[in-house]
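Below: one structure, written as structure tokens.
None of the figures in this text is laboratory data; all of them are computed from the coordinates on show. The structure displayed is predicted, hence computed values, not measured ones. Counting neighbours? That spans all protein chains shown, and the Cβs are built from the backbone with ideal geometry, glycine included.
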Amino acid sequence: MLFRSRARQTTEVIAHFPAFIATTLLLAIVPGQGVAMIMRQAILGGARTALFSLWGHSTGLIIWGALSGVGLSALFAKSELAYSVLKWLGVLFLLFLSAQTALHLRKESGKFNFDEIDNDQGKSSQNAFRTGLIANLTNVKAAIFAVAFLPTFVPRDFSLGLGIFIFGCLWAVVSSSWYLFLIWTIDKSSVFIQRPQVRRVLTGISAIGILGLAVGLALTSPH
């Protein structure tokens, strides 16, 4: 009887997968902090750098899912102070990322190589991972989605904490799939992007876009 009950609960969870996948895919497609970060990393550092940033970003999604599962992320839904702290951390990080991106306009080289920034390959990989992780952990939209939407997909009879964590991991997989497509597209266009003039234009657009996200985030409110 217990086995049948658990099997039924598992089936109910799986039945929610299609709707959840569609929702998270739409969320990933809509331009935002994650998309801007991945595209920025791919343009400046190439596929390798973008992949390490993507792993950091995905790790952040899993962390948000885990926090929501144990109830800690509910703090950002109930506390305006906690929301504001997270929001302004996100604003500051985006401003830093925008300024750092703009500085690359001074580079004349058109090479599509992250080693221009840091010759230590191991360190550059860590920096790329950290950029992706911080971009996600300071993303208010990710926090709100984890708090407000993840629990709604968990069947009533299923463990809420475990269910949220499962959907959090699925969230990371779906988002990563879309970002991998973006990275692949940019990588296939690398010959075109490597042209100094094109790279400078895209870098400038990326810096302005990230700055716009920072301004938009600064103007948001918890209500």
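Points worth noting:
- Net charge over other residues, Cβ less than 11 angstrom from the Cβ of residue 87 (K, R count +1; D, E count -1): 0
- For the stretch 126-199, applying the loop criterion from DSSP together with a ceiling of 16 other beta carbons within 10 Å to the trypsin sites (Lys or Arg not before Pro) yields 156.
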